[in-house]
Structures are given as C-alpha cells and as structure tokens.
Amino acid sequence: MSYPYQIRSFDEYQVAYRVSVNEPEQFWASVANNFYWRKKWDKVLEWNFKEPNVKWFQGAQLNITENCIDRHLKELGDKPAIIWEPNNPEDRTRIVTYNRLHKRVCQVAQMLKNNGVKKGDRVCIYMGMVPELAYAVLGCARIGAVHSVIFGGFSAQSIADRLEDAQAEYIITCDGAFRGGKDIPLKSVIDDALVGNKKIKRVIVYTRTRTPVSMIKGRDVWWEEEMEHAETQVEKDGAVSFPAEVMDAEDPLFILYTSGSTGKPKGVVHTVAGYMIWTTYTFVNTFQYKPGDIYFCTADIGWITGHSYIVYGPLCAGATSMMFEGIPTWPDAGRFWDIVDKYKVNILYTAPTAIRSLMGFGLEPVKGKDLSSLKVLGTVGEPINEEAWHWYDENIGKKKCPIVDTWWQTETSGIMISNLAGITPAIPSWASLPLPGVQPVLVDENGNHLPEPKEGEIVSGNLCMKAPWPGIIRTTYGDHERCRKNYFATYENLYFTGDGALKDAKGNYRITGRVDDVLNVSGHRIGTAEVENAINMHAGVVESAVVGYPHDIKGQGIYAYIIFNGKHGDDELTRKDILQTVSRIIGPIAKPDKIQFVPGLPKTRSGKIMRRILRKIAEGETSNLGDITTLLDPAVVDQIKNNRV
Ligand code: WTA
C-alpha cells in the first residue's frame, strides 16, 4: 500500500497519522520510496529505548547529496537552489542554481579529498552565513565526512572543547564574518582555539571580510586556491563529477553540539537516511511547500534549524532556499520585509524573538513593503506569545497566511509538533498536533502517564515520546551512556524532551518551556550549569547560581547571583569583568543580563541550591516564595530579595 507523500487535507493528515502509528514500517517505507537509493533497505525499523538502539532502513545505501542535488539536475538544473542575500543590501546577491551547487559541492568534495579528508573523519565548520558554508556542509556529506558546524558566536574555548570532543582533524572557516555593523574575526578565534592543539591537520580559510589573518605554514590553506585546483579535477569534457561516497543508512551524517542541564555541551549525532527522510517529509508537509515556492528561513546554519530547514530539507525537496547573511535590524528593522519584497518570498520561517524585537520598531519598517507573495509563515525555537503571534498574523501575513508554530529540538532533527499550513488548524501559541510518526505522551514527575483530557479539560505534564521517528537522536558522540542518561533514563521506555506541555481534549499540545535547567535565550539553548562554570572561572568569584527570568524580547534572560570576594572596587567594573569572562569561556550569547552580588545562596542543609527561590526572586515574585524553613540560613533570602537588580 502506498500513502500520499504530501498531505493535502485534514482527512489525509488523520489517515497518515493513524497509519504511521499502526504500521510504522509500511508507512515509512512508502515515504522512503520518494528518495534515491543506491540500494534499498532490508529492514525498515529496529529499536529499543533501553540502550537506546534505533536503526532505520538497515541495509540501505545512499548519499544524501545525491538526493539534495544530483537527482534534481535534469529538471531543476537551471533553477535556483540557494539565493544568497548579503549582509549589506548594496552588495551583490548570489543566485546558485542546482547545476552550480552540484559543481561547487563536487569541488569541495575534491578539495577535502586533496587535503586528506576521508569518510568518517570529523570536519569542524566555523563560518559566517555565506553560500560556501552550505557547500562545505554538503561537500563533507558527499565524501562521507562527518561535519560539525559551530555557530559563529561561540568563543575559542567553546570551539576547543568541541574539537577535542569530536576528535576533529580538519577545520573550514572564514577570515571573518559580517553581521550587521560588525566584522567578526573568525579565523583569529580559530587560531586561539588551536593554541596547543596537535590534532588539527588542516585549516581551510575562505575569504569573506579581508580581515588580516595569520596563515600557519603546513596547516592553513586558502579555500580559493584549493578550489581552483579542485575545479580542474572535477571538470572533464564539460561535465562535472565527483562520485558520491556510498553510505550506509545508519552512518553518521553530522554532529551538532547542544546544551543540556549538566556538564559541557553534548554532540548530538544524526545519521544519513532517517535524517534525510525526516527533514524532507516535515519540510514539505508542515509548510505545504509547492514546487517553485521561494522559501526563506532566517536561522543560522550553526543551529539545527539551519541544518534541517535551510540546507538538507529544502534542497532534498528541490526547493529554492534563501540564505541571509545579516541580521533583522541592520541597516534597519525593515530588512526582512525588504527581502520578502525583493525576492517575492512565499514561505517565511523565523523565530519569536526576531518577531518581538521587530515589533518593538512599530509598523514604520513594514510600510510600503509588498508582502503579498507570502503564503505561509512559521516560527520555531521557543514558545510564541499571543501578542507576537497576532502581530505576525496581522502585519506580516495580513491575516491570509497560516502560521505554523513548529516545536522540535536538535535531538529530534526535524519538526515534531506543529499545525500543517492551511490543513490543520492554527491556534495562537499552541504548537498543536503531532506530525505523522510522532507519538507524544505526557507524564507526571514519577513517569506516570497522565489521563487523556476530557472535553473542555487541559492536562499538564512532562513531554515524552514513546516511539522512534526517523530523525531521532542516535547517540551523543563518543559517549553513548550520556545519551541514554540524558534522554532515555528519566522515564522508562520513553524519550524525554526536557519540555513541559499542556494537552487539550482535541489532542493539541501547547509547549510551556523547559522543565530542566536549560535556558532558552533568544531561541538559543544554554545550560545554567555551563554559565555558572564560566562565571566561576573568574578569580574573584566564590560561587554562583544562574536562573532564567522572563525577558520581553529574548523570551528568557539570564540572571546570575554571585558570591564575590575578589578585590571589590566598583561593582560595575566587576560586572563587566565577569561578562568578559563568560564571553571568553562560552561566547557573547551566554552573557548574563543581570548580575546580583549576594552574601550567600539559599541552600538546603544538604548543600543544594534552592533554585526555585532564586527563580521566583528573579521573576520579581518576592512575597510568595514557598517553604523556606528547610534552608540552612533563611535570612539570606531577605538579603537577596532586598537587593534585587
Ligand atoms: C524550545 C530548536 C515552544 C523547546 C529547533 C525545545 C519551542 C528547545 C518551540 C529546542 C516551539 C523549540 N514552541 N518551544 N515552537 N521550538 N522550542 O535544540 O524548549 O535549539 O526543547 O532546537 O527549544 O531547542 P533547539
């Protein structure tokens, strides 16, 4: 039996959903038939959540780049695959056709090969949002190297940690990156990350900003020179080719580091076939993508959203994917709307934090921009508040465009809970229904499944999944036990998302946010423990505790309580020193918004910090702090309350 690949009505959604749950193997085999395989699978699915061990399409062979590029060449060769809009609107736009993309990716693959990269090697990519970043990612996939993209906002120390964890031997970077009015010296950050590193064999540097760089003999090479050499190798008699490495379905495709509630960021590993199917299927169905649509996702490829919904999902679907180098507010707050107008964008996918920050500029930047090409709007990254939802709906979608509120995670690799544009109902601030293949359950603290809500009722619990979907996390790089502990051990036989959710009687979900010690700042995941460790590196800091608090634009802000016994001169200067420390250790995205110096922290007799109290104080709730009698020193709470910042 075969099921329609693209869902076109609510009934079709219901059928697809039912079949995906009752006969997952048949369902996903039927979806998988829409892709290009070198060899088909022997077995669709094998799994248990105990180890965990999840294998999709065992025995199958493929290369994801043949699905993203080669198979489109005949029909879409001259159509744009990527439209690149530079940071500075006056600079030249680049339109990359599928033919051109094919050539560039083959060249990158050849260049990597020339530099010694082999299947399975880890390649770290630290670049700005230039088309070469997409070529680099796909070039790795073409030769079967495992890419690990690091967001351009991470510090040298963060990069060094990731290089070490991934045992990477190769780096692709840029001299610098333009972001708004800034020029970020990426290569110089890499140089700092590599002090003392003996593993890195090659650093390939693409020229973007012409920032001065130091090139180390024997280690650093220029992208342009290497690519020129590779060009003559992949181009013969007018044809271009670099044979795609034949990969097993469960071979790793990439590692992407993400924060959790404990320890250093972990390397989430996704594998070739499941990831490809999941990102493409969810892309086509959630956005109701139609051939020819111009699709614009404003994320950065340094995050999972960029991996799945700028590069792999859209390209695999043969779409035209926009890539934007800049930021929403530079040179002015009309930048997104200018881009929509200029390219007649049909589908716009952005983040609540961007919407809220643009709302703050009023309607002037939207005025006079032709947004009539828009058909579908999307959001991702954090819960969207109703005010932002309505602003987006009224002023951008002009009440004609369905808004898809897509809930998912780095670990899920693609959209899990979302309405399907124009097919299933949109409810402001509700992610709504699960996609086919997604089987959410809500549990209480002890892992008991909550009863299904009756008509008019809403239940609230911790969000888990009870069965695997093709894009589920396979492992955390180099440490499978960590993967098990983090995601599969909290509740037996369930994948735990770390999020809380509400559910109504119609089966809709509303995500309420993280229930663990992970912050979501402007859609970026940051562990409180990570920020505390960074603060504690400052010589004068004795101890610290970090919590989140509601922030109008960022969603959550970072509030740090710090016991300081260093040389206390000017508090303001000390604050700046601490911010600088956090920037150095993690990156500017993790800088606390508020720092309060405290004489002590509220601790239980066993020495555990009572974060609940600190969270309430940070939120501005100072009267109803709950039971504090179990504290070692209850008086410290009053001192903290009275000196809130
Ligand atoms: C949050 C980003 C509410 C959630 C794709 C999740 C959301 C974390 C939504 C994952 C949404 C993402 N509504 N919350 N539509 N989308 N989140 O790994 O807390 O960077 O666990 O993946 O973002 O963040 P990550």
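Throughout, read-outs are computed from the coordinates displayed, never taken from laboratory work. None of the values given here were measured: they were computed from a predicted structure. Reconstructed Cβ throughout: ideal geometry from the backbone, glycine too, with neighbour counts over all protein chains shown.
Could you point to the residue in 265, 305, 334 farthest towards the positive end of the range 251-345's charge dipole, with +1 and -1 charges on the Cβ of Lys/Arg and Asp/Glu respectively?
Of the listed residues, the answer is 265.
Contact order normalised by length for the range 24-169, with contacts defined as Cα pairs under 8 Å and 6 or more residues apart; what percent is it?
Numbers: 186 pairs, mean separation 24.2, N = 146.
Relative CO of the range 24-169 lands at 17 percent.
Tell me, what HN-Hα J-couplings in whole Hz come from the Karplus equation 6.51 cos²θ - 1.76 cosθ + 1.60 at θ = phi - 60° for each residue of the range 382-398, using x for Gly and Pro?
Coupling constants for the range 382-398: 6, x, 9, 6, 4, 4, 5, 4, 5, 4, 5, 4, 6, 8, 9, x, 6 Hz.
What aspartates and glutamates does residue 616 reach when the alpha-carbon gap must be under 15 Å and sequence neighbours fewer than 8 apart in one chain are set aside?
Candidates past the 8-residue exclusion: 517, 627, 638.
Counting helices only, and only those DSSP H runs with n ≥ 4, report the 222 nm mean residue ellipticity of the chain as the sum of -39,500 (n - 2.57) divided by its residues, in deg cm²/dmol to the nearest 500.
-8000 deg cm²/dmol
If you project the alpha carbons of the chain onto the principal axes, what extent comes out on each, in Å, largest first?
Sorted largest first, the three principal extents are 81, 65, 56 Å.
Which of the residue pairs 103/375; 103/344; 367/400 have a Cα-Cα distance greater than 25 Å in the structure shown?
The answer is 103/375; 103/344.
In what sequence do 466, 39 fall when counting other Cβ within 10 Å, fewest first?
The order, fewest Cβ neighbours first, is 39, 466.
Please list, in chain and number order, the residues 5+ apart from residue 610 or on another chain whose amide H is under 5 Å from its amide H, with Hs placed from the backbone.
603, 604
Which of the lysines could be linked to residue 50 by a straight reach, that is with a Cα gap under 29 Å, when you skip same-chain ones fewer than 8 residues away?
40, 264, 266, 466, 485, 503
Would you work out the relative contact order for the range 522-642, in percent, from Cα pairs under 8 angstrom that are 6 or more residues apart?
23
Kindly write out, for the range 148-157 in residue order, the coupling ³J(HN,Hα) from the Karplus curve 6.51 cos²θ - 1.76 cosθ + 1.60 (θ = phi - 60°), rounded to whole Hz, with x marking Gly and Pro.
9, 7, 10, 4, x, x, 8, 7, 4, 4
What relative contact order, as a whole-number percentage, does the chain give when Cα pairs under 8 Å and 6 or more residues apart are counted?
Numbers: 1382 pairs, mean separation 77.7, N = 645.
Once divided by the residue count of the chain, the mean separation gives 12 percent.
If we count every other residue with Cβ under 14 angstrom of residue 31's Cβ, Lys/Arg +1 and Asp/Glu -1, where does the sum land?
Numbers: positive: 40; negative: 12, 23, 25.
In short, -2.
Apply the Karplus parameterisation 6.51 cos²θ - 1.76 cosθ + 1.60, with θ equal to phi minus 60°, to every residue of the range 600-612 and state each ³J(HN,Hα) to the nearest whole Hz, in sequence, with x for glycine and proline.
Working through the residues one at a time gives x, 10, x, 10, 6, 4, 8, x, 8, 6, 7, 5, 3 Hz.
Roughly how far apart, in whole Å, are the Cα centres of the range 280-342 and the range 74-95?
One Cα centre to the other: 12 Å.
By DSSP, what percent of the beta bridges with both residues in the chain are antiparallel, rounded to the nearest 5?
Antiparallel bridges make up about 60 percent of those DSSP assigns within the chain.
Quick query: amide H of residue 172 versus all other amide H atoms, modeled in the peptide plane; which residues come in under 5 Å with a sequence gap of 5 or more or a different chain?
Correct list: 124, 125, 126, 204.
Quick check on the range 522-642: take the gyration tensor over C-alpha atoms, sort the square-rooted eigenvalues as a ≥ b ≥ c, and tell me if it's rounded (a/c under 1.5), prolate or oblate.
oblate
Leaving out same-chain residues fewer than 8 places away, which aspartates and glutamates sit with a Cα under 18 Å from that of residue 399?
341, 370, 386, 387
On a C-alpha basis, how far is the centre of the range 1-49 from the centre of the range 422-457 in Å? Whole number, if you could?
22
Rounded if a/c is under 1.5, else prolate if a/b beats b/c, else oblate: with a ≥ b ≥ c from the C-alpha gyration tensor eigenvalues square-rooted, which is the range 175-268?
Because a/c hits 1.5 or more and a/b fails to exceed b/c, the range 175-268 counts as oblate.
Nearest 5 is fine: what % of DSSP beta bridges in the range 522-642 come out antiparallel, could you say? All intermediate terms of the calculation are to be shown ahead of the outcome.
Values: 12 of 16 bridges.
Taking every DSSP beta bridge within the range 522-642, about 75 percent pair in antiparallel fashion.
About its Cα centre, what dipole magnitude does the chain give when the only charges are +1 on Lys and Arg Cβ and -1 on Asp and Glu Cβ, stated in debye to the nearest 20?
That gives a dipole near 560 debye.
Can you bin the range 89-203 into rounded, prolate or oblate? Criterion: square roots of the alpha carbon gyration tensor eigenvalues sorted a ≥ b ≥ c, rounded for a/c under 1.5, prolate for a/b above b/c, oblate for the rest.
In terms of gyration-tensor shape, oblate.
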